[in-house]
Amino acid sequence: MSEIQIFWDPTGLELDTLGQNKLLRITDGDTPYVSVSIRMLSIDTPEVHYPGRQNPVRHDERLAELAQWLTAGQAPVPDDLAAHLTPKLASGQAGTLQKAQGEAATEAFQSLLDQRLTRPTGSKRSLFLRAADQPFDQYGRLLAYVAPSFSAKEREQMTRWDRATFNLLMVESGWAAPFLIFPSLPRHTDLEWFHSVAKRAVVEGRGAWADPLTLTGYEFRMCYRLWEVTKKLVQGSKLSSSKKYSWVGRYCADLTSREIYHPADYHRVEPYNRLFIWPADVNAAVGRLNLVPAALN
């Protein structure tokens with residue numbers, strides 16, 4: 001029996017090319033081909049650069065400093081979240097680990113691309129893209145599930161796993177964390193499969209999950225923002241409530257219990273059970289997914 005307690009069946013959009021980016025070529029008077037920056041849906045890999053083009057290694061000392069502030073109670077963080085984050089930051093190597101894992105994730109993705117996009121003849125396959133109901137993010141990137149493009153005849157001879165998306169395979173490898181964000185969710189049957197693969201990767205310690213000090217990409221970004229906010233507070237700055245808590249923004253629901261948690265309580269949900277929801281979408285998510293407030297002790 002499935003552990004997933006929510007139902008979602010998005011319409012989505014299958015496409016070859018979509019977006020407004022660099023012009024590659026034209027084939028006739030009304031057919032331009034453009035490059036498209038894609039953000040692979042429902043996954044998050046460790047950062048190779050953050051923020052902007054900065055090397056995460058530069059943040060080792062900053063995040064170790066944040067660990068000290070967390071221990072001293074100077075950061076605007078609940079005690080249990082501080083206890084969750086401090087060991088991961090106090091090593092003084094949080095940025096270095098993030099960078100190394102980001103590079104390993106890049107290599108894993110490149111290996112998958114090389115293997116699955118190469119035909120037996122040696123020629124290269126094109127990509128199959130399925131966009132979300134909301135096709136673009138705030139940076140103009142196409143939000144999509146990405147897989148090799150197989151012919152109808154090939155698909156007849158293939159299993160479901162043979163046709164798996166790169167999104168799913170990266171989670172299966174452990175080099176991508178599951179990063180489901182409402183309403184851009186996979187179809188219900190795919191969501192069940194995605195959850196099963198993610199749980200196995202975490203429980204078995206695959207890829208980045210092998211290291212207990214791992215910060216997911218979204219945690220690393222959050223911690224950097226928390227360091228920026230806490231530094232201002234330690235230096236005596238008076239911050240509004242919105243700026244004081246600007247380091248965290250998404251609510252988190254548990255796929256298996258339908259409980260919804262405050263943004264700073266996301267860690268109470270196992271990584272493979274997390275469904276993130278932006279504040280503006282909370283009412284819609286609660287109604288459409290039948291979510292209930294989490295009972296916190």
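Summary table
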{"quantity": "Hits in the stretch 136-159 (condition: under 16 Å from the mean Cα position of the chain (by Cα) and open to solvent by 40 Å² or more (accessible area, probe 1.4 Å))", "calculated": "PHE136, GLN138, TYR139, ARG141"}
{"quantity": "Residues located in the stretch 115-132, provided they are closer than 16 Å to MET40 by Cβ and part of a strand (DSSP E or B)", "calculated": "LEU127, PHE128, LEU129, ARG130, ALA131, ALA132"}
{"quantity": "Scan of the stretch 55-77 for residues that are open to solvent by 50 Å² or more (accessible area, probe 1.4 Å) and either assigned to a loop (DSSP other than H, G, I, E, B) or touching a residue at least 24 places away in the same chain (Cβ under 8 Å) (or both), ordered by number", "calculated": "ASN55, VAL57, ARG58, GLU61, ARG62, GLU65, ALA72, GLY73, GLN74"}
{"quantity": "ARG258 open to solvent by 60 Å² or more (accessible area, probe 1.4 Å), on the phi > 0 side of the Ramachandran plot and over 15 Å from the mean Cα position of the chain (by Cα)", "calculated": "yes"}
{"quantity": "Matching residues, the stretch 183-219, being closer than 18 Å to VAL146 by Cβ and part of a helix (DSSP H, G or I)", "calculated": "ASP190, LEU191, TRP193, PHE194, VAL197, ALA198, GLY217"}
{"quantity": "Of all residues in the stretch 262-282 being surrounded by fewer than 16 Cβ atoms within 10 Å (Cβ to Cβ) and free of Cβ contacts under 8 Å to residues at least 60 places away in the same chain, the one that is farthest from SER196 (Cα to Cα)", "calculated": "ALA280"}
{"quantity": "Matching option when the condition is aliphatic (A, V, I, L, M) and more than 23 Å from PHE109 (Cβ to Cβ), among ALA152, ALA164", "calculated": "ALA152"}
{"quantity": "Matching residues in the stretch 83-100 - criterion: being assigned to a loop (DSSP other than H, G, I, E, B) and open to solvent by less than 50 Å² (accessible area, probe 1.4 Å)", "calculated": "GLY92"}
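The values are calculated or read from the model by the stated rules, or taken from the named source; none is laboratory data. Keep in mind the model is a prediction, meaning the values are calculated, not measured. So basically every Cβ, Gly included, is an ideal-geometry build from the backbone, and we count neighbours across all protein chains shown. Just so you know, the surface numbers come from the protein's heavy atoms only, side chains and all, with ligands and any DNA or RNA stripped out. Shrake-Rupley method; radii C 1.70, N 1.55, O 1.52, S 1.80 Å.
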